[in-house]
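The values are calculated or read from the model by the stated rules, or taken from the named source; none is laboratory data. The structure presented is a predicted model; accordingly, all values stated were derived computationally and were not measured. Because the Cβ atoms are built from the backbone with ideal geometry, glycine has one as well, and the counts that use them run over all protein chains shown.
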Amino acid sequence: MSLAPLPFVRFATDELHLQLSPAWRVLLLVAVDGVEPCQLEGDEREMARKLFGDVDTIPEEARRTICWRLGRGSGKTTIGAALAIYAMCTSDLSSVGPGMLSAAVIEAPTKPTARISISVGRELVRGSKLERCVVEDVADGFAMQRPDGRVVHFMAVAASRGGATLRGFDILICILDESEFFASNEDVASADGYAVNDRDIYAAQRPRNRGLTVLESTPWPTQNLTDELFSKNFGRPVDALAAIGDSITMRPDDWRLERDAKAALETDPDNARREFFCETGVRGGSRLFDPAMVDAAVVLARALIITAPYGAAIGCGGDLGLERDSSAIAVVSNLSGAHELLESDEIRPTKDAPLTPGYVIKDRFVPVMARHGARSIVMDLHYRQSAVEHLSPLGLRLIDAPTGAQGKYDTYMNARGLLHSGKLKIPPSARLVAQLKAVTSTPLPGGGTRISSPRRAGQGHGDIVSALVLACFEARDSAGQTLGPSRFTAIPIRSTPFGGGFQDWGALSGPPSQAPSSTPAHLMPGGPRGNSPQGIPWTPIRTRWGRS
């Protein structure tokens, strides 16, 4: 026998002490407790239309599978854990053989996500009268002994190939948490492929599941099983009951959630509309940087090379390409969060004359670093050893860029946030503007994002952008810092009109007549006040060194 039947909404509120919002109450009444939408009245009927579409009754065959597309922070993980506990307490186990394991299962894309469900479920039980029924705590969940003497398990596991973690026991309820972030590929489903696949997982649990199958997730704009079930059944349930609820609808009284959603709309509107408001957006690649925001970031009247404002932090980024791709360097200033590209340089190889590390670093990168007092440069691992060999003798440091796809995503999204919030300014460089507008982001099955720059004639392969995003990333930690005593470095005096060479910058900083003796000689070509090997006159100015 099981516990006396109790509707889930009452179980959640009376036994687990959850406070349900009006939207959650309607969603659970219809999806779990079997209430037909047409039986609801007033505000609850209107809420049902918002959540399920214009549906009056739900076919019985559609009630076994529930597909929820819910916003970030809506409480879906908590409700999922509550549903698992409810199934543990109320499922009919009369046909389960002696010694067989019975479990309510929550499966998530990753182990960390699964552990969150374990923690939430355990705390719900700990705060209720059900705590006295707990007989075991294990790494992947816990077990309770029901009044009928049967032991039931709460299991939260990471997705596995072929749904292996769902085999070998009776399932009381199966909840696929963040189900749109499982890998999904029809070509490898039920095959001997390598992929962890949402279709295999769904198929593996169906014959073993005595209760509901719940797919709950924030949207992700790739082809996946959850998206297919939702698209097929929302507003017209056939083989699943689909519902949608944005974050604010599901938790209208959470002012922090509303604040975060508004802030996200300002800095990253595409992601915010997907995460908080359940708008999937367009599948496939899209522009990472909004073209209108790129145009707004251009300062039309400024020179291509400028000095940092006094007290600004400096970030220097580089992209070292020698054969097919260009090499590029960028220097960015950060004064209390306001970033500006001070200078960039791109060195392009030719078909017959590839670039050499010595020329790129010593003859092109180092003079740019010297002009802005940068003692370090952030670059990726390509040609790393060659870069170190040429930088170290000059007293300069190579900082490794964040690695892997996640590292690239972090650096580009940092630059995107600066650009879209108006905190990054760039010079009127047509090549840089074109490269920024060409960068694309493509959502991948399983939750990743591929960021890429197409190869286009006359525009390169996004090499200046690569250097720029690394420079912004390097400068980010110093926003708003109060700097100590400044040091001196050398920058060229621009003594001719910019169109034919250089502008006169000698009066910008009010420099002393001579740089201090501690300034490294390689940062002052030609001496304290002389000429560089290229014949450009140099003078010391007051500025801040980059991080070393």
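Which residue is farthest from Cys89 (Cα to Cα), if the candidates are limited to the range 132-149 and must be part of a strand (DSSP E or B) and touching a helix residue (DSSP H, G or I) at 6+ places or on another chain (Cβ under 8 Å)? Working first, answer last.
Looking only at the range 132-149, we keep the residues that are part of a strand (DSSP E or B), and these are 134-138, 141-145.
Of the ones still in play, those that are also touching a helix residue (DSSP H, G or I) at 6+ places or on another chain (Cβ under 8 Å) are 134, 137, 141-142, 144-145.
Numbers: Val134: 12, Asp137: 17, Gly141: 15, Phe142: 13, Met144: 9, Gln145: 9 Å.
Of everything passing the filter in the range 132-149, Asp137 is farthest from Cys89 (Cα to Cα).
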Checking the structure you have, find out if any residue of the range 38-52 is touching a residue at least 24 places away in the same chain (Cβ under 8 Å), surrounded by fewer than 22 Cβ atoms within 10 Å (Cβ to Cβ), in a loop (DSSP other than H, G, I, E, B) and not acidic (Asp, Glu).
no
Restricting attention to the range 417-448, report how many residues are in contact with a Phe, Trp or Tyr (Cβ under 6 Å, 6 or more places away or on another chain) and basic (Lys, Arg).
0
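For (1) modelled with pLDDT under 85; (2) on the phi < 0 side of the Ramachandran plot; (3) not aliphatic (A, V, I, L, M), each residue gets a yes or a no:
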position: Asp319; (1), (2), (3): no, yes, yes
position: Val331; (1), (2), (3): no, yes, no
position: Leu335; (1), (2), (3): no, yes, no
position: Ala353; (1), (2), (3): yes, yes, no
position: Arg371; (1), (2), (3): no, yes, yes
position: Ala374; (1), (2), (3): no, yes, no
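Is the range 277-289 home to any residue that is farther than 24 Å from Lys437 by Cβ, touching a residue at least 24 places away in the same chain (Cβ under 8 Å), aliphatic (A, V, I, L, M) and crowded, with 17+ Cβ neighbours inside 10 Å? Explain how you work it out, then say what you get.
Initial filter on the range 277-289 (farther than 24 Å from Lys437 by Cβ): 277-278.
Of the ones still in play, those that are also touching a residue at least 24 places away in the same chain (Cβ under 8 Å) are 277-278.
Keeping just the survivors that are aliphatic (A, V, I, L, M) gives none.
The answer is no; no qualifying residue exists.
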From the list Leu93, Leu20, exactly one residue is at pLDDT 95 or above and not hydroxyl-bearing (Ser, Thr, Tyr). Which is it?
Leu20
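So, of the residues in the range 192-247 that are outside any loop (DSSP other than H, G, I, E, B) and of a type in the set (Asp, Glu), which turns out to be farthest from Ala108 (Cα to Cα)? Reasoning before the result, please.
Residues of the range 192-247 outside any loop (DSSP other than H, G, I, E, B): 198-209, 213-217, 225-233, 241-245, 247.
Okay, now just the ones that are also of a type in the set (Asp, Glu), so 198, 200, 216, 227-228.
Values: Asp198: 10, Asp200: 14, Glu216: 10, Asp227: 16, Glu228: 19 Å.
Across the range 192-247, the extreme among qualifying residues is Glu228.
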Check Glu123 against each of (1) in contact with a Ser or Thr (Cβ under 8 Å, 6 or more places away or on another chain); (2) not β-branched (Val, Ile, Thr); (3) not in a loop (DSSP other than H, G, I, E, B) and name the one condition it does not meet.
(1)
Scan Asp380, Asp363, Asp345, Asp325 and give me the residue that is out of contact with any strand residue (DSSP E or B) (no Cβ under 7 Å at 6 or more places or on another chain) and without any contact (Cβ under 8 Å) to a residue 60 or more places away in the chain.
Asp363
